[in-house]
Amino acid sequence: MEVILAEHAGFCFGVQRAVDTVYEQIGNREKEGRPIYTFGPIIHNEEVVDDLEKRGVRVLDSLADACAVPEGERGTVIIRSHGVEKSVCESLKELGFDVVDATCPFVKRIHNIVEKESLVGKSIVIVGNAGHPEVEGIKGWSAAATYIVESVEEAKNLVLRPEEELCIVSQTTFNYKKFQDVVEIFGERGYNGSVVNTVCNATEVRQAEARELAARVDVMIVIGGTHSSNTKKLYEICRQECEMTYYIQTLDDLHLRLPESVRLVGITAGASTPNNIIEEVQNYVRINF
């Protein structure tokens, strides 16, 4: 049996940069002695977050958590890769924290676009998952009316003023084809405005590669955190192409009973999945099946 690992599996540039930033700050703490926090989990992977916690890095889930930190313990707070609202950064600085921004540069680009376009009066449409931290962060940089649309149906049902000029952007990890479908609906409805494809190129490549791989294997394994939006989308894409698709977080979740007819097993992983977990799963499947 052959095991094929997708070329673009595991940490993307933005995630690697964010994780490296935290470990650099841990090294600096040994000299400075200041406490380290992340605003929200630095990435959507429990293993990484647990390791950082063991090294003394605490997670602040909200501004209320930040306010509850005694003044003498308000050290460095690192902004997660997903980014946050503009007001959050300002409030953290006002509280006396040293803010280190590890927002993915591709997400930061969306913040800049949204802020600029909203300040000239355009309404913002974010194509993405409502409630996702990246989407909430993007929304927080808009100075105008902002709408979050997750599906073609929602785009069809969204009520806008005829004179509203739009700027349409996307969550970086959104399904690229779904983004195109949603944008098409706005075009059909005759709304004026601009469309900026802000789906990260790494996401497009990863999704296209996963679709192609899933279409030619007998079994597909998708590895990633249970809260990882981009991993869930990879699973959805692979499941459309390969009925025997499994979503796991670590090797402990892998409970396979493979028929003898299986000859090809494909593996991909979300952008927040560490290489050691991917290698562990890959080696296990190669040895045991």
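We did not get these values from a lab; they are worked out from the coordinates using the rules stated. All values derive from a computational prediction rather than experimental measurement. Virtual Cβ from ideal backbone geometry, glycine too; neighbours counted across all protein chains shown.
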Filter region 194-247 for residues that are among the acidic types (Asp, Glu), touching a Lys or Arg at 6+ places or on another chain (Cβ under 7 Å) and not in a helix (DSSP H, G or I) and give the result.
Asp218
Take the residues in region 179-221 that are in contact with a Cys (Cβ under 9 Å, 6 or more places away or on another chain) and more than 28 Å from Leu5 (Cα to Cα); name whichever of them is surrounded by the most Cβ atoms within 10 Å (Cβ to Cβ).
Val195
Kindly provide the set of residues from region 122-167 that are of a type in the set (Ser, Thr, Tyr), under 23 Å from Lys177 (Cβ atoms) and surrounded by 14 or more Cβ atoms within 10 Å (Cβ to Cβ), ordered by number.
Tyr147
Hey, could you check region 117-164 for residues that are part of a helix (DSSP H, G or I) and basic (Lys, Arg) and say which is nearest to Arg80 (Cα to Cα)?
Lys139
Flagged in region 82-121 as under 17 Å from Val195 (Cβ atoms), buried (at least 16 other Cβ atoms within 10 Å of the Cβ) and among the aliphatic types (A, V, I, L, M), in numbering order, are Ile110, Ile113, Val114
What's the number of the only condition in (1) in contact with a strand residue (DSSP E or B) (Cβ under 7 Å, 6 or more places away or on another chain); (2) assigned to a helix (DSSP H, G or I); (3) farther than 30 Å from Ala66 by Cα; (4) among the hydrophobic types (A, V, I, L, M, F, W, C) that Cys167 fails to meet?
(2)
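Every residue in region 173-192 that is of a type outside the set (D, E, K, R) and out of contact with any Lys or Arg (no Cβ under 9 Å at 6 or more places or on another chain), please. Show your work before the answer.
Just the residues of region 173-192 that are of a type outside the set (D, E, K, R), to begin with: 173-176, 179-180, 182-183, 185-187, 190-192.
Tyr176, Phe179, Gln180, Val182, Val183, Phe186, Gly187, Gly190, Tyr191, Asn192 - these are the residues of region 173-192 that are of a type outside the set (D, E, K, R) and out of contact with any Lys or Arg (no Cβ under 9 Å at 6 or more places or on another chain).
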